[in-house]
């Protein structure tokens, strides 16, 4: 029996996607990881553990600078700072060939997905944002901000692994991911709160790395936000509250965004 006119071009009906739920081990991992991380960060008795774990924050901080640097054409290498402590990312001079390679990649993607309008819109938007920032000083702001931004990004990834419990080799990984994600978040929250509320903390921050306003928040405030240091720190404090919520949303609506990715990766619709 032939299909009614027009049906041949309709996609087959699919049941609506359901939101994911967090299982009991997930809640146990999240609550246990949050409690342990809070104790390590906020209780002086566990200060030695926080001292031992601080290189984790330093590592993801410098990786954020490094990845952003490569994105905008600056060959970068993360390293620990054995002079002043903490970390430092070594940026070389800008190599326009790297920027050209990113633009060529955008052009290639536009060609590959030329028959998928939704994907073309996404790629065009990303390319436009990249060109606009790469051609202005705002790419420098992004490279600077992605140090602390990298910390929050890694915290979100760790917490998503804890919420979802997917692709784990051992069940013990789940509470470890929860602890790592909450440790980074609580560490950053305490750091931002101290800068917002303590003049002494702000002076210590300005004197870091030998003084001279080398620190990320100082540079962002002085070079891009008219010296509004507290405004920059306040924005970071608010951002620090988001990783658990974003990670939970990514888990709950995983079938939806995975389906969206499948549609975007289709060569044609």
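Read the figures in this text as sums done on the coordinates, not as results from a lab. Note that the structure is predicted; figures quoted are calculated from it, not measured. A quick note on method: Cβ atoms are made from the backbone with ideal geometry, for glycine too, and the neighbour counts reach across all protein chains shown.
Here are some notes:
- Cα shape, the chain, gyration tensor, a/c 1.5 rule: oblate
- Theoretical gain in end-to-end length, residue 39 to residue 120 [0.36 nm per residue, Cα-Cα removed]: 24.4 nm
- Degrees between helix 47-71 axis and first principal axis of the chain (Cα, 0 to 90, nearest 10): 50 degrees
- Were the residues from residue 81 through residue 189 laid out at 0.36 nm apart, the gain over their Cα-Cα distance would be 36.6 nm.
- Available extension along the chain between residue 269 and residue 110 is 55.8 nm, counting 0.36 nm per residue and deducting the alpha carbon span.
- For the pair residue 31 and residue 197, label points projected 7 Å from Cα toward Cβ lie 2.7 nm apart.
- Computed label-point distance, nm, for sites residue 169 and residue 94 using a 7 Å Cα→Cβ extension: 4.2 nm
- Angle between the chain longest axis and helix 117-134 axis [Cα atoms, degrees, rounded to 10]: 30 degrees
- Considering helices alone, the calculated mean residue ellipticity of the chain at 222 nm is -22500 deg cm²/dmol, with DSSP H runs of length four and up weighted by -39500 (n - 2.57) and normalised per residue.
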